[in-house]
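The structure appears right after this line, and notes come after that.
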Amino acid sequence: MEQNNKNRRSFLKSTGTALVAGTVLPFGFNIREGFAGQRAKLKVGLIGCGGRGTGAAAQALKADKDAELTAMGDIFSDYLEESYQSLVKINPEQVKVDEAHKFVGFDAIQQVLDSGVDVVILTTPPAFRPSHFKAAVEAGKHVFCEKPVAVDAPGIRSVLESARLAKEKGLSVVSGFTYRFDLAKRALFERMNNGGIGDITSVFTIRNGGGLWYKERQESWTEMEYQLRNWYYYDWLSGDYIVEMMVHSLDLMSWALGDRVPISVTGTGGRQARTEEKWGNIYDHFAIEYQYENNIKGVHMSRQQKGCSNTNRADFTGTEGFATIDSGKRTHATMGETRWDYEGPSNNPYDTQHVELFEYIRAGKPMNQGELMANSTMLAIIGRMAGYSGQTITWEEAMKSEVKLGPAAADYRWDLVVDVPQVAIPGITKAV
């Protein structure tokens, strides 16, 4: 075990603690010239114009003064127009989207890709991510891909294959796992990976929060539109909340353990507070245990229930101390023989991920987080599988699963009626 942990630390040192997948440039590194010594305009396309997409587009334009937003696509025209108006107010000089380049419908992705963009931002609901990522890579585009990247194992396998193709093509792929771009967390993980708390033996993550948004049903909506506008509450669209939101906490666990995958996963979950039909078929609490080699364990607990105490924390236990990240208190610290607290500069990781994406593109040194983002997303998917079924599931079983949530991308249409499963019951529901 000691030798394995030493090998892990050596691997992390050699590959960089900030981003395991890809060459890492220091934060703040600025490419002022590129493409034969001349600063070129980079055309950006936005696919998915909700709040997250609008924010990501604004951050991309802020990150590179010579980037221009030239195409936008969404299935809803109102989302697209609201996003466009917001972006014009934020940065009118870099928003160059005319009416002919506002694409609406299930085929908007292909229209954006065909419009001549260099970089695409993928921020639709997670169910669309595998097919959109595949199309973007096949079209030769650099990609910012929001998390999570899939909702089921077939989707993960597709993303991994697309990530390999992106590497062959020399394309940059940056994920929306923002913790990886946070300076305080990078410093903490560098300290841990250099043996600051000894060999890590367990990781505990907890994120408890309240309720979220809901869109009231309108008479003009088909059932498909209703579900798409309330995508968070349907597992075929979001993967359940453990996949859509708690994947950030699980990414911290993966990062701490050198991005290894677990051997098996056991867990449970259910819904006690969010029980009305309007909340679709997702859970409101999970408790999951991840078993790694050498008896290393990861534990994730979370809930989304109104009126309860909230927390967002990760604790790392080592043979010579422990470390903690407490988002509520903004604490990043290790405790061993001496206590260390992060006192360095702060940054907005949502900005930094786009800064680094454009820097790598202009440097001609592709940065590819495809495998990382797929494996971290799969941690959440296998957690849902274990929670839904109440069974212990191996990583190998989960990765081979043929269970596909929702329809194939080619079948999407407004009159399609998706057969939404009943709320899962541990001990009865089959998840693999």
Bounding extents of the range 47-98 in its principal axis frame from Cα atoms, largest first in Å, are 29, 21, 17
How much FRET efficiency would the formula 1/(1 + (r/R0)^6) give for ASN348 and SER309, where r is the Cβ-Cβ distance and R0 is 22 Å, rounded to 0.05? 0.20
Probe 1.4 Å - accessible area at SER220, Å² to nearest ten: 100 Å²
Quick one: if you stick a label point 7 Å off each Cα along the C-beta vector at GLU99 and GLU320, how many nm between them? 6.8 nm
Which entries in LYS134/LYS400; LYS102/LYS147; LYS141/LYS185; LYS43/LYS89 show an alpha-carbon gap greater than 27 Å? LYS141/LYS185
Subtracting the Cα-Cα distance from 0.36 nm times the residue separation, let me have the gained length for GLN110 to ASN194 in nm, one decimal. 25.7 nm
Tell me which residues come under 5 Å, amide H to amide H, from SER175 once H is placed; ignore anything under 5 positions away on its chain. CYS145, GLN369
Whole-Hz Karplus couplings 3J(HN,Hα) for the range 82-97, θ = phi - 60° and coefficients 6.51, -1.76, 1.60, Gly and Pro as x, run 4, 5, 4, 4, 5, 5, 4, 5, 6, 8, x, 5, 9, 9, 10, 9
What does the convex hull of the Cα atoms come to per residue for the range 285-432, in Å³? 240 Å³
Determine the principal axes of the Cα atoms in the range 156-249, then give the extent along each, sorted from largest to smallest and rounded to whole angstroms. 59, 41, 23
With all protein chains present, calculate the accessible area of THR178 using a 1.4 Å probe and round the result to the nearest 10 Å². 10 Å²
At 222 nm, what helix-only mean residue ellipticity would the chain give, in deg cm²/dmol to the nearest 500, using -39500 (n - 2.57) for each DSSP H run of four or more? -10500 deg cm²/dmol
Solvent-accessible area per residue for the chain (1.4 angstrom probe, square angstrom): 41 Å²
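Expressed as a rounded percentage, what relative contact order does the chain have, with Cα pairs under 8 Å and six or more residues apart? Walk me through the intermediate numbers first.
Working: 920 pairs, mean separation 90.5, N = 432.
Computed over the chain, the figure is 21 percent.
Within the range 313-418, which GluC sites (Glu not before Pro) sit in a loop by DSSP and count at most 14 neighbouring Cβ atoms inside 10 Å?
Values: sites: GLU320, GLU337, GLU343, GLU356, GLU359, GLU371, GLU396, GLU397, GLU402; in loops: GLU320, GLU337, GLU343, GLU402.
Filter output for the range 313-418: GLU320, GLU337, GLU343, GLU402.
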Can you compute log10 of I(q)/I(0) for the chain with the Debye formula, treating each Cα as one identical point scatterer, at q = 0.07, 0.08 Å⁻¹? -0.33, -0.43
Semi-axes (Å, rounded, descending) of the ellipsoid equivalent to the range 99-223 per its C-alpha gyration tensor are 33, 23, 14
Return the carbon/sulfur percentage of the accessible area of the range 236-366, one whole number, probe 1.4 Å, all protein chains in place. 47 percent
Answer in debye to the nearest 20: the dipole magnitude of the chain about its Cα centre, from +1 Lys/Arg and -1 Asp/Glu charges placed on Cβ, is 900 debye
Of the trypsin sites (Lys or Arg not before Pro) in the range 229-312, those whose Cβ has at most 12 other Cβ within 10 Å and which sit in DSSP loop: LYS306
At q = 0.13, 0.17, 0.23, 0.28 Å⁻¹, work out log10 I(q)/I(0) for the range 290-360 with the Debye formula, treating every Cα as an identical point scatterer and leaving solvent out; two decimals please. -0.65, -0.96, -1.07, -1.19
Cα gyration tensor shape of the range 331-415, rounded if a/c is under 1.5, else prolate or oblate by comparing a/b with b/c: oblate
Under 15 Å Cα to Cα from LYS430, which aspartates and glutamates show up? Leave out anything in the same chain fewer than 8 places away. ASP152, ASP235, GLU397, GLU402
Of the GluC sites (Glu not before Pro) in the range 36-107, those whose Cβ has at most 12 other Cβ within 10 Å and which sit in DSSP loop: GLU93
Kirkwood-based Rg over Rh for the range 223-355 (C-alpha set), two decimals? 1.02
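The values are calculated or read from the model by the stated rules, or taken from the named source; none is laboratory data. Worth saying up front: this structure is predicted, and the values here are computed from it rather than measured. All Cβ positions, even for glycine, are placed from backbone atoms using ideal geometry, and neighbour counts span all protein chains on display. Areas reflect the complete protein model, heavy atoms only, side chains present, ligands, DNA and RNA absent. Shrake-Rupley method; radii C 1.70, N 1.55, O 1.52, S 1.80 Å.
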